[in-house]
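The values are calculated or read from the model by the stated rules, or taken from the named source; none is laboratory data. Remember, it's a predicted structure, so these values are computed and weren't measured experimentally. No Cβ is skipped: glycine too gets one built from the backbone with ideal geometry, and neighbour counts run over all protein chains shown.
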Amino acid sequence: MLQKSIKTYTVEEAKRALERYCVYQDRCHQEVRKKLLEMRMIPDAIAVIVTHLIEHNFLNEERFAKAFARGKFNHKSWGKQRIVRELKQRQISVYNIKTALLEISDEDYITTFDTLSRKRIEQLSREKDKYKKRKKLADYLLYRGWEGDLVYERVKELVP
């Protein structure tokens, strides 16, 4: 019976691997720790490697949070509430979350919300029941993390 061999890493090999992992895309500390655990690294080695990555600027949570907020807003049209929720799940500090949200200008935020809501209402054009249409539009926008007061105001405006 053949046993599957499990790859082991020295601390130096793991450092190099994680440097490549962080250079490819900004990562948060939680993702890096998870990756190191998957590589079967011991807690002491994880601490050494994470410290190395931070000292050499491979790992920077503020930079990660900013890139995350920009990316999710620009590419997925997420609202601030969804971005905040996702960053909290990744254990990003409140300070870094606030800093990240500054990456989204108020003007772009409202423009994106307007475009997204109008696009969605067009997709719902076949729905004849105005209450179902309102619910579907509101659910869609709330799921994407847009603020409730903005959503309900827009729903009343688009589905009179």
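Listing for the model above:
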read-out	value
Verdict on LYS15 being of a type in the set (Lys, Arg), in a helix (DSSP H, G or I) and within 20 Å of the chain's Cα centre (by Cα)	no
Residue list for the range 53-66, restricted to those being in a helix (DSSP H, G or I) and crowded, with 17+ Cβ neighbours inside 10 Å	LEU53, GLU61, PHE64, ALA65, LYS66
Inter-residue pairs, beta-carbon under 7 Å, first closer than 12 Å to LYS133 by Cα and in the range 147-160, second in a helix (DSSP H, G or I) and among the hydrophobic types (A, V, I, L, M, F, W, C), 6+ apart	VAL155/LEU137; VAL155/ALA138; LEU158/ILE121; LEU158/LEU137; VAL159/LEU137
Hits in the range 67-83 (condition: crowded, with 17+ Cβ neighbours inside 10 Å and in contact (Cβ under 8 Å) with a residue 24 or more places away in the chain)	PHE68, ALA69, PHE73, SER77, TRP78, GLY79, LYS80, ARG82, ILE83
Count of residues meeting criterion [surrounded by fewer than 16 Cβ atoms within 10 Å (Cβ to Cβ) and of a type in the set (Phe, Trp, Tyr)] in the range 11-47	1
Enumerated helices (runs of 4 or more DSSP H) restricted to the range 67-160, each holding at least 2 residues that are under 30 Å from HIS29 (Cβ atoms) and under 14 Å from the mean Cα position of the chain (by Cα)	80-89, 94-101
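For every residue, the table says whether it meets (1) touching a residue at least 40 places away in the same chain (Cβ under 8 Å); (2) in contact with a Pro (Cβ under 8 Å, 6 or more places away or on another chain); (3) closer than 13 Å to LYS66 by Cα; (4) not assigned by TED's automatic domain parsing to the domain that holds CYS28.
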position: GLN89; (1), (2), (3), (4): no, no, no, yes
position: ILE92; (1), (2), (3), (4): yes, no, yes, yes
position: ASN96; (1), (2), (3), (4): no, no, yes, yes
position: SER117; (1), (2), (3), (4): yes, no, no, yes
position: ARG120; (1), (2), (3), (4): no, no, no, yes
position: GLN123; (1), (2), (3), (4): no, no, no, yes
